[in-house]
Amino acid sequence: MTRTQGLLRGASLLLVAGIGCATAPPVSGPGLSLKKVVIYRNGVGYFERGGRVDADRVEFNVRNDEVGDFLATLAVLERGGSSVRSASFPLDVAGDPPAPKSADAKAAQQRELRHVVMALDGKEHDLEVGYIAQTPVWRPSYRLVIDKDGASLQTWGIVQNLSGEDWNNVALSLVAEAPLAFDASLGTPVIPGRPTVSDSGDVMAVVPRSETSLAQLPPPPPPAPAMAAAPFASGGPGGIARPSARKAAAPREEAQMMYEREADMPEAAPYSQQVRNLAAMAAISVQSGTTRYDLPAAVTIPNKSSTMVMLADQHIPGEVVALYAPDGGVPESASHPFRVARFVNKTGGMVERGPLAIFANGAFSGQGVTDALPDGATATVPFGLDRRVAVEVSRESRDEGSRLYHIEGGLLTVARDVVSLTTYKLRNGAAEPAKLLIKHARVPGARMKNFPAGTEDNVGTGTALVPAQVGARATIDLVLDERQQTTRALDWLSPLADDAVHGYVTDRRADPAVAAQLRAAWGIRGALLDAQAARQKLSATDAELRRATDETRNNLKALEKNSAAADLRAKLAARLADASAQLDVVGKQIIEADLRINESQIRFNDAIRAVKVLQPLAGE
């Protein structure tokens, strides 16, 4: 055990709190001592009392603002053969409306006590009662002691007792859960309003509401034919048979008689005796998927005090590393990583959100706050800045790739990747290697490509923790590649379409029949593209010839009245005739090319119309 662990282990903190009081102990008559306290994370606690009672009643004092909780959750276990008859308390009934009260007066009224009397049907009882009352939430506090072999996680629970009584030698349980618990206000009298009926016509005074039919006992099966007259007795007027009194009972009365017959049986027990273990009842209500800390020994917590109790001390994997996670509240975190404690929850239960004190190398290193951590999860808790490491970030985006996505009805759809590249330039100025984690904000909907081994993709937070190693006084570039698929319809003759189809037909996973159809169509497509290319060349030649003939005509027109340019006019006329002849030839070739293009286009359309790809290849 290290010196730091020795200083921490076994420490207990007792703080004086001091406001108000909650459910108080019995104040008169036989009492039931407090046996168990279960505290939740939602402001309520479960209290269990028990003891031998040699009287016909038990009395409690309950705060005004806790009467509703008491009435809504009181559970009774009677082991002595008797049962509880009733639980009663007085009501404040005022003839006049109450005068307005200040906030202090209202608070004082809420702290006033109601005298509750629990009437019993005998004088000897082995009685246990359980109920909930409002209680300060318990709060966790953690110590993480890190050494070269890992870490030790100490879990403490801070409990505040404002109940109005000392908790002496009670079984204490702390539950890391906030089950639904509401204020039913059962202690407040409620008299619903009623509609006023007046003879003012046939108009309904209120809107009718729907009806609810309660469950009833099923009707008895029909009697056998030979016994049809058995349930009836004659003797009525005129000898008419009438149902016997037993069968004439209404279903509700039938149920009551059945209940009374069962209650008379020796083995029957009243409802309060069917609850065998109030502790088990409370455990079932909170242990489904939650963590419950049951202290192994009884504890004593004085009233109006705060006590810190040790819940766990376990060796777990843990270390100190650097984490680059820019935080707007810490401007320097945009350039330098945090120092963080990183550990795995191996406690077997939930680690609730709470403050964490970190000790490393035999000394206090800093404080952080851990979020709620399920068993087996890893926490990364910042507690300081590491200025020995500097970080620069740059980003770029581009489109890349072309994959066949869908073909139907001659319509081609391809998939492309929008590539987002994030480059982290990491510079370590320390004399020893640095181990870092980069908290990288994920591109929504994008997939990671070739991220470093050990990357943790945290789906719930939209971030990824990316590991990196930087040598002593070294600089590295960490490039993170994220790709988001997009789809678009393309022209079959485009280069991207050629890339997509070529990738499909050369893939061993492709459907052979579809690949054969595409190869045949691509042969026609090649002829079509060749014809279109030839047509474009002919069009360019035609345009050049027409430009030349137009220029020659203009020159001839300019020399028309020049008697000294007869020989030049002859040359230009010959050139014009030659160009006109070439235009005729090119014009014919263009018409022939258009015919080839139209024929190839028809054949290609027929070929692709038969192709059908309804989903991309797996993994694309």
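Key figures
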quantity	calculated
Residue selected from segment 521-558 under the condition among the small types (Gly, Ala, Ser) and surrounded by 15 or more Cβ atoms within 10 Å (Cβ to Cβ), by the criterion modelled with the lowest pLDDT	ALA548
Residues satisfying the stated conditions in segment 547-586, i.e. under 30 Å from GLN601 (Cα atoms) and touching a helix residue (DSSP H, G or I) at 6+ places or on another chain (Cβ under 7 Å)	GLN582, LEU583, VAL586
Yes/no for GLY445 being modelled with pLDDT under 95 and within 28 Å of the chain's Cα centre (by Cα)	yes
Selected residue (criterion: farthest from PHE343 (Cα to Cα)) from residues of segment 367-397 that are among the acidic types (Asp, Glu) and in a loop (DSSP other than H, G, I, E, B)	ASP386
Qualifying positions in segment 295-337 - polar (S, T, N, Q) and within 25 Å of SER365 (Cβ to Cβ)	GLN314, SER333, SER335
Counted residues, segment 559-570 - those being part of a helix (DSSP H, G or I) and surrounded by fewer than 12 Cβ atoms within 10 Å (Cβ to Cβ)	5
Total residues in segment 593-617, condition of a type in the set (A, V, I, L, M, F, W, C) and touching an Asp or Glu at 6+ places or on another chain (Cβ under 8 Å)	3
Tally, over segment 339-392, of residues that are among the aromatic types (Phe, Trp, Tyr) and either within 22 Å of GLU456 (Cα to Cα) or in contact with a Phe, Trp or Tyr (Cβ under 8 Å, 6 or more places away or on another chain) (or both)	2
Residues of segment 120-157 classified as among the hydrophobic types (A, V, I, L, M, F, W, C), farther than 24 Å from GLY376 by Cα and in a strand (DSSP E or B), total	5
Members of segment 497-546 found to be out of contact with any helix residue (DSSP H, G or I) (no Cβ under 8 Å at 6 or more places or on another chain) and basic (Lys, Arg), listed by number	ARG508, ARG509, LYS537
Filter pass, ALA171 being under 41 Å from the mean Cα position of the chain (by Cα), crowded, with 22+ Cβ neighbours inside 10 Å and either closer than 30 Å to ALA379 by Cα or modelled with pLDDT of 85 or more (or both)	no
Hits in segment 40-65 (condition: touching a Ser or Thr at 6+ places or on another chain (Cβ under 6 Å) and modelled with pLDDT under 75)	GLU59, VAL62
Single match in ALA500, ALA531, ALA548, ALA510 (criterion: assigned to a helix (DSSP H, G or I), small (Gly, Ala, Ser), touching a residue at least 60 places away in the same chain (Cβ under 8 Å) and out of contact with any strand residue (DSSP E or B) (no Cβ under 6 Å at 6 or more places or on another chain))	ALA531
In segment 327-340, residue surrounded by the fewest Cβ atoms within 10 Å (Cβ to Cβ) [restricted to those that are without any contact (Cβ under 8 Å) to a residue 12 or more places away in the chain and assigned to a loop (DSSP other than H, G, I, E, B)]	GLY329
Selection within segment 343-378 - of a type in the set (S, T, N, Q) and farther than 20 Å from TYR40 by Cα	ASN345, ASN361, SER365, GLN367, THR378
Residue in segment 588-611 that is surrounded by fewer than 17 Cβ atoms within 10 Å (Cβ to Cβ), under 60 Å from the mean Cα position of the chain (by Cα) and not in a helix (DSSP H, G or I) present	yes
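The values are calculated or read from the model by the stated rules, or taken from the named source; none is laboratory data. Model, not experiment: these values are computed from the prediction. Please note: Cβ atoms are built from the backbone with ideal geometry, for glycine as well, and neighbour counts cover all protein chains shown.
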